[in-house]
Each structure stands twice: as structure tokens, then as C-alpha cells.
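Here's the structure we're looking at; comments come further down.
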Amino acid sequence: VVAGEIELNHECNVMHWSPEDFESKLQEAMKQTFNRALKAANDFGYQKESPEALLHGAVISAFLAIAQAMTDQGCV
């Protein structure tokens, strides 16, 4: 999923990247995803140390991204 997102965001074909470039971009994307999940968890009252914070934060972050996309397209 992340590789597809990288490809879409960078509008290029990941097949032409070196393994090192791909790994670097993948690690950066995973760090951003992790940080978005923790921020969403914190914004909605979950403490970073809480075992379920990352899970809830990921779900909240995904929901907000989908809701924003639907709003941007006039669906909501």
C-alpha cells in the first residue's frame, strides 16, 4: 500500500528506482504514517504511552483522510 502511495505521490514508476532509493522513500513514508497516527491519537485524547494509541490513531487518521477526500470531491 505504501509503495502505491509513494508512486502516486511522486508521479513516477517505482520500478525505475534503485533498491536504496525505494527503501529510503519507504522508510520516510512509514515514519510519516507513524507520526500521523500518533498525532491523531493524541488529538483525540489517547496518550502516546497507551498500548492502543497507535491502533486508534491509525484508524482515526485513515477516517479523517477519507472524510477529507470525500469533502474535497463534493460527496459530503
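Listed values, structure above:
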{"read-out": "Test: residue 63 is open to solvent by 100 Å² or more (accessible area, probe 1.4 Å), of a type in the set (Phe, Trp, Tyr) and in a helix (DSSP H, G or I)", "value": "yes"}
{"read-out": "Matching residues, segment 16-45, being open to solvent by 70 Å² or more (accessible area, probe 1.4 Å), closer than 15 Å to residue 63 by Cβ and free of Cβ contacts under 8 Å to residues at least 24 places away in the same chain", "value": "39, 43, 44"}
{"read-out": "Subset of segment 46-60 (residues that are open to solvent by 90 Å² or more (accessible area, probe 1.4 Å) and of a type in the set (D, E, K, R))", "value": "48, 49"}
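The values are calculated or read from the model by the stated rules, or taken from the named source; none is laboratory data. As the structure is a prediction and not an experimental result, all values here were calculated from the model. Cβ: placed from backbone, ideal geometry, glycine included. Neighbour counts: every protein chain shown. Heavy atoms of the whole protein, side chains included, go into the accessibility calculation; ligands, DNA and RNA do not. Shrake-Rupley method; radii C 1.70, N 1.55, O 1.52, S 1.80 Å.
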